[in-house]
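One structure below.
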Amino acid sequence: MPAKPKPDVDVDALTSQVHESIDAIKAAVEKGDAQLATVFAKQAEANIVKLPAGKRTALRNAVRSAQKPPAQAKAKPTAAPTPSTEVAKNTDDPMTWDNVPQLIAAGAQKMREGASAGLEVQNAGGLVANVLLTIRQNIIDPETGLPDLTWRTKAARSAAGRVYSDALAGVEEDNIPLRDALAALQTATHNKASDVLVTWLRGYDRDDEKSVGMLGELLPGAVEILKKSDAERDAKLSDPDVDGENVPEPMTAEEAIRALYASKNITLPLRGRTEAMRVNRRVAKIEKARKQLEGHQDAGNTAKAEAVQAEINDLLADLPPDAVAKLGEGDEKTDAQRTVETVAKVRKMFETAGKRQKKLTAAQKRKTKAELYTLIREVVDTFGLDYSALVPEDTEGDGSGK
C-alpha cells in the first residue's frame, strides 16, 4: 500500500507532470511504440501515488485510456478523396503547426544531450523549457487568438509529450541510468517552465526599437496597448488641471503583455517557481519573526524587540510590493488590540493554573495564594482598578448585599 502523501506535497505540480506523461503516452501510442507508452505510464504512476487518494482514480483512468490505441473506424465504401494542397492548421496535432516539428526535434535533442552528458539537471531543464516556450509561442490558442503561453491547447501539451517521447525513443529498456536521467530532466523542465516564461516577459525593452519590433511581430495587441497607454499619459501631462506628480510611470512592455492576456481572462504568472519559492521563504521568516517580536513586546524586552524589528525591516526590503501587501504591512496592531489580546492570554494562563493547583499540597496552595494576592495588588495598582468593583451588586435585595 503506498505511503500517505506528505502534507506539503505540491499537488498542482504533480498533477501537471502526470498530464504531461499522459500526453507523452498518447504520442507514443500514435507512433505505435507500446513499450515507450508503458515507460511513461510507469512515470505517471510514480507521481500519482504521491497525490492524495481522492485524486488518484481519475488520473489512473486517464492513463489507462491514453494507452489504448485509437479506435479504428469501420471501413465504408466511399468515393476516393480529392487530394488537397492545403496544409492543416489550428489542429490538435502539433506537427501541423509551422516551425513546431523542428522545435520538437530540437527539444528532444537537447534532452538527450543533457541526459547523456550528465549536465546539471536544472541548467539542462532550463534549456529544454526555453524550447517548449518557443513551441507555445508558435501555437495559437483559437479561443483567444494569442500564442498559447499557458498550455491551454491540446496541441501545446501534445508537443511537450512528443519532446519527451522522442528523447526516449531508441533508449534501451535496460539503460536505467539514461532513462532515470531523462525522467529527472523532464521534472526539471516542468519546474523551469514558469521561470523561463517570466524571464521572457521581462525581457522586452520598450525603449529599444528592435525589442518593440519583435514584440509587435508576436503580440501586436501588446504594442497597441502600449501606444494607447502612452497617449493617455501624454494627455494627462499636457492637462494643466492634472498634477504631473500623480501621473503614473509609462507602462512597461511586460505590463502590456499581461494586460493583453488579462483581457482574454488569462493570468500570466507574476513570478517564476524559483523566485516564488525564495519570496515564500522570506515571507515565512517574516511571519515567524513577527511572532517573536510580539513575544518580546509583551515581555517588555525592548532591546530584543528592536533587534527583531530590524531583522523584519531587512527582510521586507527584499520583498516585491505585492508580497508586502499580502503580509498586511502597515496594519500594525493598536495598543488597545494588543492589550485585549494580552489580557485574553493571561486569562487562559490563570485557567490552566487553576486546574493544576488542585493537585498541590496544602503548603504549596498556601504559598501559591500568597503569591496571587501579591500579584492581584500589583494588577490593581498597574491598571488603577477599584476594589469595590469586586463586591457583587445586590440587584434583588434591600441593598445590603446579603
Exercise for review: Quick one: among 256, 336, 115, which has the greatest mean-square fluctuation in a GNM of the chain with alpha-carbon springs under 10 angstrom?
Suggested key: 336
Review point. Under the definition of Cα pairs under 8 Å and six or more residues apart, what whole-number percent is the relative contact order of the chain?
Key: 11
**Study point:** With every protein chain in place, the chain: carbon and sulfur % of accessible area (1.4 Å)
**Key:** 54
**Study point:** Where labels lie 7 Å past Cα in the beta-carbon direction, separation of residue 301 and residue 338 in nm
**Key:** 1.5
Check your understanding: For the chain, what does -39500 (n - 2.57) per DSSP helix run (n ≥ 4), summed and divided by total residues, give at 222 nm, in deg cm²/dmol to the nearest 500?
Key -> -21500 deg cm²/dmol
Revision key, fill the gap. In nanometres, the difference between 0.36 nm per residue of separation and the alpha-carbon distance of residue 264 and residue 345 is 24.2 nm
Point to revise | Cα pair distances exceeding 16 angstrom across segment 99-187, given as percent | key: 51
Check your understanding: Which whole-number percentage describes the relative contact order of segment 225-300, with Cα contacts under 8 Å and a sequence gap of 6 or more?
Key -> 22
Point to revise | Additional length obtainable on full extension of the chain from residue 45 to residue 109, 0.36 nm per residue less Cα span | key: 20.5 nm
**Study point:** Per-peptide average of other Cβ atoms within 10 Å, ordering 375-387, 195-207 highest first
**Key:** 195-207, 375-387
Check your understanding: Which of the pairs 192/326; 31/55; 264/326; 285/326 have their Cα atoms more than 23 Å apart in this structure?
Key -> 192/326; 31/55; 264/326
Practice item. Kindly report the accessible area of the chain per residue (heavy atoms of protein chains, probe 1.4 Å, no ligands, DNA or RNA), in Å². Key: 65
**Study point:** Whole-Å semi-axes of segment 160-294's equivalent ellipsoid (Cα gyration tensor)
**Key:** 41, 26, 10
Review point. Given C-alpha coordinates of segment 138-214, what is the ratio Rg to Rh with the Kirkwood estimate of Rh?
Key: 1.11
**Study point:** Two-decimal log10 I(q)/I(0) for the chain, as the Debye equation yields it once each C-alpha is a single scatterer, q = 0.07, 0.08, 0.12, 0.15 Å⁻¹
**Key:** -0.59, -0.70, -1.10, -1.42
**Study point:** Simple spin-label estimate for residue 58 and residue 388 in nanometres, 7 Å along Cα-Cβ
**Key:** 6.9
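The values are calculated or read from the model by the stated rules, or taken from the named source; none is laboratory data. Bear in mind the structure is a predicted one, so any value in this text is a computation, not a measurement. All Cβ positions, glycine included, derive from the backbone under ideal geometry; neighbour counts span all protein chains shown. Keep in mind that these areas ignore ligands, DNA and RNA; they rest on the heavy atoms of the full protein, side chains included. Shrake-Rupley method; radii C 1.70, N 1.55, O 1.52, S 1.80 Å.
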